[in-house]
Amino acid sequence: MPKILITIILLALTMAPAIGTAQSYQISVSQFVEHPALDAVLKGFQDYLAEEGIAAVYNVHNAQANMATAGQIGTQIMGEKPDLILAIATPTAQAVAQALKKAPHMKSTPFLFTAITNPVEAGLVTDMHHPGGNITGVSDLLPLDKHMAMVLDFYPDLKRLGVLYNAGEANSKSTVQGIRAIGQKKGFEVIEATVSKSSDVYQATKSLVGRVDAVFIPTDNTVVSSLESAVKVCTQTQLALFCADVDSVKRGAVAAMGFDYYKHGRQTGAMAKRIFNGAVPGEMPVESQKELELHLNLTSARQMGVMIPPAILESADKTYE
């Protein structure tokens, strides 16, 4: 038998098992609450891996904005022993991190977080460039100067800005501190309205009526999950409502300059691919999403009595009638 033919046969025999036994990864997902932005993160992550030909089986858990449930999910994931853990939003990432401390058998399991405003303040990493351990991810740290510049474009003489958030969410507390700092420089006061659960959003929004010139909602998972309650109050009282995530605009906010969370998920998926190919999470710098989009809801603007400056209308990436 010719040597070249023998070589081809040996190569075929060597490759055959690999072709028929493509690895399928077990991925446990902990998501804090169901709302369009976080749902888009998960879909972007799953779509990216599927398009890259990476087979994965997902165990998806949702805490429905309940911290106790998030803790229980973290413990449950330790028992699932996945190949990779994906935590979507700060509260669930913190819960998973706590569960990992009590699960030495999971010490080497890659842990990716995503949609986390400030991983350092949340206690997830100590250094954005050198996370250490087996954790890294993608941050949605808000460019607050650009968010506030957008609000000021609508209201140049803004004196009092209402901010709705859950004081129990570390990322939201950090965001409000940043808004306060900008307010001190720009000459407007921040009036807080806090919630502890999504059912509080309606009353918290009502508490701002007559006290503020406009309302801003950061990427707060508890408030965004019940955004329609805030929209209802602002529509009834003609109080302008602005948000930090663009998915909230089609749900009724006047405007938002924020991230495309589907792309955010795809970026996280790209990190997972590198991990599956041998990269060490703790040696991968925490990434952030750079691109911002401006979305406008023209119907909400009319209903809330908001005049949209022509320059803003012309620069919008997307408008809803």
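Of note:
- Only residues that are under 13 Å from Ser229 (Cα atoms), free of Cβ contacts under 8 Å to residues at least 60 places away in the same chain and open to solvent by 50 Å² or more (accessible area, probe 1.4 Å) were counted in region 187-206, giving 4.
- Any hit, region 255-262, residues being of a type outside the set (Lys, Arg), open to solvent by 60 Å² or more (accessible area, probe 1.4 Å) and under 30 Å from Ser24 (Cα atoms): yes
Every residue, every condition in (1) at pLDDT 95 or above; (2) within 27 Å of Pro91 (Cβ to Cβ); (3) not in a helix (DSSP H, G or I), yes or no:
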{"site": "Ile191", "(1), (2), (3)": "yes, yes, yes"}
{"site": "Gln203", "(1), (2), (3)": "yes, yes, no"}
{"site": "Val209", "(1), (2), (3)": "yes, no, yes"}
{"site": "Val215", "(1), (2), (3)": "yes, yes, yes"}
{"site": "Val223", "(1), (2), (3)": "yes, yes, no"}
{"site": "Glu228", "(1), (2), (3)": "yes, yes, no"}
{"site": "Lys232", "(1), (2), (3)": "yes, yes, no"}
{"site": "Thr235", "(1), (2), (3)": "yes, no, no"}
{"site": "Leu241", "(1), (2), (3)": "yes, yes, yes"}
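- Those helices (runs of 4 or more DSSP H) of region 243-321 in which 3 or more residues are in contact with a Leu (Cβ under 9 Å, 6 or more places away or on another chain) and aliphatic (A, V, I, L, M) occupy 261-276.
- Count of region 291-321 residues, restricted to those that are basic (Lys, Arg) and either surrounded by 18 or more Cβ atoms within 10 Å (Cβ to Cβ) or more than 17 Å from Met150 (Cβ to Cβ) (or both), is 1.
The values are calculated or read from the model by the stated rules, or taken from the named source; none is laboratory data. Please read all numbers here as calculations on a predicted model, not as lab measurements. Backbone-built Cβ (ideal geometry, glycine too); neighbour counts: all protein chains shown. Protein only, heavy atoms only, side chains kept; ligands, DNA and RNA dropped before computing areas. Shrake-Rupley method; radii C 1.70, N 1.55, O 1.52, S 1.80 Å.
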